[in-house]
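Student: Before I ask anything, let me first share the structure, which is written out below as structure tokens.
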């Protein structure tokens, strides 16, 4: 999603005046892309590389660039800063989900007993 959605949106907002940002419906992507069959460490490396690319795009932007406007299909009028903030909150949600799932797994020191 990073390369297919987030990075193109950032470029669009930086390069166009108040662009319309369509909604993405990635709910079916996990199934069609067979995420469950992918090698976890490889997928994490690919995601990390893509996210670093996004951070490179954002690093050093001027305040005026962060304030660039867009019209989002769901959020309505927004700015680059708001969209990046929304994505960060979305990431936090997934981190909390992973933490909650991992908290139900036996700890390494307990599994050897």
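Student: Per residue of the chain, what 222 nm ellipticity follows from adding -39500 (n - 2.57) for every DSSP H run with n ≥ 4, rounded to the nearest 500?
Tutor: Computed mean residue ellipticity for the chain: -16500 deg cm²/dmol.
Student: Which residue fluctuates the most in the chain, going by a Gaussian network model with Cα springs under 10 Å, if the choices are 53, 40, 76?
Tutor: Of the options given, 40 has the highest mean-square fluctuation.
Student: Can you tell me, using C-alpha contacts under 8 Å and at least 6 residues apart, the relative contact order of the stretch 1-94 as a whole percent?
Tutor: Relative contact order here is 37 percent.
Student: Which residue, 21, 95, 13, tops the fluctuation ranking in a GNM of the chain built on C-alpha contacts under 10 Å?
Tutor: Maximum among the listed residues: 95.
Student: Report the gain in length on full extension from residue 64 to residue 39: 0.36 nm times residue separation, minus Cα-Cα distance, nm rounded to one decimal.
Tutor: My answer for the length gained is 4.9 nm.
Student: Further, regarding this structure: Cut-off 10 angstrom, C-alpha nodes, Gaussian network model of the chain. Which of 64, 73, 100 fluctuates the most?
Tutor: 100
Student: For the residue pair residue 73 and residue 96, what label-to-label distance in nm results when each label sits 7 Å from Cα along the Cα-to-beta-carbon direction?
Tutor: That separation, rounded to one decimal, is 2.6 nm.
Student: I would also like to ask the following. Tell me, what does the Kirkwood hydrodynamic radius of the stretch 1-42 come to in angstroms if you use every pair of distinct C-alpha atoms?
Tutor: 12.3
Student: In nm, give the distance between the simple-model label positions of residue 49 and residue 16, each being 7 Å from the Cα along the Cα-to-Cβ direction.
Tutor: Distance between the two pseudo-spin positions: 2.8 nm.
Student: Go ahead and collect, in residue order, the members of the stretch 10-38 whose backbone nitrogen is under 18 Å from a label point 7 Å along the Cα-Cβ direction of residue 104.
Tutor: 36
Student: Under a no-solvent Debye model with one identical scatterer per Cα of the chain, what's log10 I(q)/I(0) at q = 0.09, 0.15, 0.19, 0.22 Å⁻¹?
Tutor: Computed log10 I(q)/I(0) values: -0.33, -0.80, -1.13, -1.36.
All of the numbers you see were taken from the coordinates with simple rules; none came from a lab. Given the structure is predicted, the values throughout are model-derived calculations rather than measurements. In this analysis, Cβ positions are derived from the backbone assuming ideal geometry, glycine residues included, and neighbour counts consider all displayed protein chains.
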